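The values are calculated or read from the model by the stated rules, or taken from the named source; none is laboratory data. None of the values given here were measured: they were computed from a predicted structure. With ideal geometry, Cβ positions are generated from the backbone for all residues, glycine too; neighbour counts draw on all protein chains shown. What goes into the accessible areas is simple: the full protein's heavy atoms, side chains included, and nothing from ligands, DNA or RNA. Shrake-Rupley method; radii C 1.70, N 1.55, O 1.52, S 1.80 Å.
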Amino acid sequence: MNTVDPTDRRVLERNYDYAQKNVQVLSTWYECETKRMIELLAENDIDLSANDEQRFGPYYRLVR
């Protein structure tokens, strides 16, 4: 049986798409704080949506 790493870049990016590019929805799915989800996206070079950029852009850029 194959195990999927939810923090793998491709999986994370696909899940962000499924969450309609909403960091808060994605962090709920992953059961982590929004701040941690922004860090995961930044560390994996996954661009934020325009809405998330407005809300979390400064922290995202700091981490990236």
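Neighbours of Asp47, meaning other residues whose beta-carbon lies under 10 angstrom from its beta-carbon, give a summed charge of -2 when Lys and Arg score +1 and Asp and Glu score -1. In a DSSP loop and with at most 16 other Cβ atoms within 10 Å, the GluC sites (Glu not before Pro) in the chain are Glu31, Glu33. The apolar share of the surface of the chain, taken as the fraction of accessible area on carbon and sulfur atoms (1.4 Å probe, ligands and nucleic acids excluded), comes to 46 percent.
On a per residue basis, the chain carries 70 Å² of accessible surface, using protein heavy atoms and a 1.4 Å probe. Extension gain, Ser49 to Arg61: 0.36 nm times the residue separation minus the Cα-Cα distance gives 3.0 nm.
The computed percent of Cα pairs over 21 Å apart for the structure shown corresponds, within (i) 22; (ii) 35; (iii) 13, to (iii). Within the shell of other residues whose beta carbon sits under 12 angstrom from the beta carbon of Val4, the net charge comes to 0, with Lys and Arg scored +1 and Asp and Glu -1. Phi angles across the range 37-44 convert, under the Karplus curve 6.51 cos²θ - 1.76 cosθ + 1.60 with θ = phi - 60°, into 3J(HN,Hα) values of 5, 4, 4, 4, 5, 5, 5, 9 Hz, Gly and Pro given as x.
Phi angles across the range 21-32 convert, under the Karplus curve 6.51 cos²θ - 1.76 cosθ + 1.60 with θ = phi - 60°, into 3J(HN,Hα) values of 6, 10, 4, 5, 5, 4, 5, 5, 4, 7, 6, 9 Hz, Gly and Pro given as x.
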